[in-house]
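Notes for the one structure printed next.
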Amino acid sequence: MRIFNGEVELDNGTNGAAKPEANGRAQKFAPQFHISVLEVLVGLLFLGTWVVLFAAGGIIGTQPYRDRLTHPENFTVALQLWFVVLTCYTATNVAALCFLSSYLGTLGRRTRIGGQERNDVRADAFGQYTAAVMRGFFVYVGMVSGTVALTGPQTFTNTSPETYLRLAATASLISFLAGYKPQLFSRLQGRLDDMVADKPTVSEHSQTTMVTEHTTRAVVDKEKSVIAADNRDR
């Protein structure tokens, strides 16, 4: 073994540098995300905000504040009432929890709370967080639509603490997973697309088949009549 130009040369004539395929495997599992201090600080702020909003939504009832909004004493009181309603009313509170959970899910993915992953690629942090917030909005709309369709609007107008805890916890969990694992969001979106997509029924398919058969027969009969007329002319 000799050292030549800063490289280790073995007795068999090969150097001690890593093989290209080994470097490729190492780079494949190398950390791809570079977390900034700002991301961590914003994440901690959002985490604290999520805890405060979750507690406020389960404790503070907004019916008295909503009633007072119809005739507020002055502009300052109206702002205070609106702040309480927007932060504690179930519909808007759960929306904020979905946005925060999606951001925290993406932050968790970038900080690798689940360990190294094979499919991580370099990407812009701002784009990732923006996409996470949009996924959180999608989860929120889906949760609200499903809840209203199944239980009616009273889930939001007259929510019990137990109902709020179930709704807020479920929406936050799905939003966090949508931010942490975009693949899960793609699967959820695909299932919803399959449910919403228009699929022809048996009757519609039968009608379409009958119309196609009649059209084909009409075209064939017309061609036969044209051929017969040509033969007569000859």
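The values are calculated or read from the model by the stated rules, or taken from the named source; none is laboratory data. Bear in mind the structure is a predicted one, so any value in this text is a computation, not a measurement. Note that each Cβ is placed from the backbone with ideal geometry, even for glycine, and that neighbours are counted across all protein chains shown. Surface areas here come from the heavy atoms of the whole protein model, side chains and all, with no ligands, DNA or RNA. Shrake-Rupley method; radii C 1.70, N 1.55, O 1.52, S 1.80 Å.
Some observations on this one:
- Subset of the stretch 104-130 (residues that are of a type in the set (Lys, Arg), at pLDDT 80 or above and either over 18 Å from Pro182 (Cβ atoms) or open to solvent by 30 Å² or more (accessible area, probe 1.4 Å) (or both)): Arg109
- Every residue from the stretch 51-77 that is open to solvent by less than 50 Å² (accessible area, probe 1.4 Å) and either of a type in the set (S, T, N, Q) or in contact with a Pro (Cβ under 6 Å, 6 or more places away or on another chain) (or both): Gly58, Thr62
- Of all residues in the stretch 45-71, those that are closer than 21 Å to Ser102 by Cβ and aliphatic (A, V, I, L, M) have Cβ atoms under 7 Å from Cβ atoms of residues that are part of a helix (DSSP H, G or I) and open to solvent by less than 80 Å² (accessible area, probe 1.4 Å), 6 or more apart or on another chain, in Leu47/Leu104; Leu53/Thr87; Leu53/Asn93; Leu53/Ala96; Leu53/Leu97; Ala56/Thr87; Ala56/Cys88.
- Screening the stretch 131-181 for residues that are assigned to a loop (DSSP other than H, G, I, E, B) and open to solvent by 20 Å² or more (accessible area, probe 1.4 Å) and picking the one that is modelled with the lowest pLDDT gives Asn158.
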